[in-house]
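Heads up: the structure comes next, in structure tokens.
FYI, it's all coordinate maths here, none of it is from the lab. This one's a predicted model, so the numbers in the text were calculated from it and none came from an experiment. As a convention, Cβ positions derive from the backbone with ideal geometry for all residues, glycine included, and neighbour counts pool all protein chains shown.
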Amino acid sequence: MVVKVYGSAFACAKRVLICLVEKEIEFETVPVDIIKGEHKDPEYLKLQPFGVVPVIQDGDYTLFESRAIIRYYAEKYKSQGTDLLGKTIEERGVVEQWLEVEAQNYHPPIYNLALHVLFSDKMGFPADAKVIEESEKNLGKVLDIYEERLSKSKYLAGDFFSLADLSHIPFANYLGVMGKMYLIEERKHVSAWWDDISSRPSWKKVLEL
Ligand SMILES: N[C@@H](CCC(=O)N[C@@H](CS)C(=O)NCC(=O)O)C(=O)O
């Protein structure tokens with residue numbers, strides 16, 4: 001059964017695509033144009049009632065929330081492709097910890113930064129300079145904590161690549177598009193980590209789609 005991924009052009013959906021490539025799961029992409037408001041169409045809202053992307057359909061199984069989707073596939077196909085969850089329950093706990101950090105600490109400032117720097121024009125609202133400044137400052141504080149963590153282990157959850165690292169990739173990539181890659185490059189360990197995770201064949205494949 002080929003997994004259908006809706007809204008694959010956007011970063012939250014790319015999180016799912018990287019995971020599917022790492023897990024060697026076949027998928028097809030279904031475009032949902034946020035700029036045209038297709039994510040608010042009644043048919044789409046039947047799949048994702050909050051009107052955001054992504055959502056997947058796997059046969060008659062439907063799932064939304066990108067991090068729920070990656071957890072589902074990493075667990076379901078634990079022994080296929082890259083193991084993204086750790087070998088022990090303790091390692092799994094640390095993967096979950098950093099996945100939560102990604103969602104609760106890293107994502108809000110980088111999402112607002114991308115929204116106001118890259119998408120405000122297209123989405124028809126004015127970019128707010130104060131939001132940009134605050135978001136950059138808050139993201140910097142989060143990355144300072146990452147710098148400390150990554151001075152002790154190669155990846156966020158330990159010395160293995162996991163869902164926690166993977167989940168950061170699509171939005172970190174926007175920093176390059178925004179001309180703000182210095183936020184990563186000025187932090188030695190974060191920079192080495194980014195070079196490593198952004199060189200993975202899975203991300204290169206997703207970028208080619
Ligand atoms: N927590 C959701 C967030 C999804 C989300 O915010 N998606 C963005 C694209 S990256 C979106 O659809 N934005 C359109 C909107 O907010 O109207 C997830 O991870 O699936």
Report summary line: The long-range amide H neighbours of Thr29, using H built 1.01 Å from N in the peptide plane and a cut-off of under 5 Å, are Val5
Query raised in the report: So what J values fall out for the range 17-30 if you push phi through Karplus, 6.51 cos²θ - 1.76 cosθ + 1.60 with θ = phi - 60°, rounded to Hz, Gly and Pro as x?
Result: 4, 4, 4, 5, 5, 4, 8, 6, 10, 6, 8, 10, 9, 10
Report summary line: If each K or R counts +1 and each D or E counts -1, the residues other than Asp195 whose Cβ falls under 15 Å of its Cβ total 0
Requested in this report: Only helical DSSP H runs with n ≥ 4 go in: add -39500 (n - 2.57) per run for the chain, normalise by residue count and round the 222 nm mean residue ellipticity to 500 deg cm²/dmol.
Outcome: -15000 deg cm²/dmol
Query - For the range 3-81, diffusion coefficient by Stokes-Einstein and Kirkwood Rh (Cα), 10 °C, 1.306 mPa s, µm²/s - result: 127 µm²/s
**Report entry** Sequence of His39, His189 once ranked by neighbouring C-beta atoms within 10 Å, starting from the fewest
**Finding:** His189, His39
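Report relative contact order for the range 89-200 in percent, whole number only (criteria: Cα-Cα under 8 Å, sequence separation at least 6).
This gives 32 percent for the range 89-200.
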Report task. Please report how far the C-alpha centroid of the range 30-61 lies from that of the range 126-174, rounded to the nearest whole angstrom. Result -> 27 Å
Report task. Give the order of Lys152, Lys14, Lys4 when sorted by the count of other beta carbons within 10 angstrom, beginning with the fewest. Result -> Lys152, Lys4, Lys14
Report summary line: Over all pairs of different Cα atoms in the range 78-138, the reciprocal of the mean inverse distance gives a Kirkwood radius in Å of 13.9 Å
Report task. Could you list Ser162, Ser167 in order of exposure, starting from the residue whose Cβ has the fewest other Cβ atoms within 10 Å? Result -> Ser162, Ser167
Query raised in the report: How are the C-alpha pair distances of the chain spread across 5 Å bins, as whole percents from the shortest bin up?
Result: 1, 7, 15, 19, 20, 17, 12, 7, 2, 0
Report task. Over all directions, average the projected area of the Cα convex hull of the range 89-200 and note it in nm². Result -> 6.9 nm²
Report summary line: Cβ-Cβ cut-off under 14 Å around His116, Lys and Arg +1, Asp and Glu -1: the net charge is -1
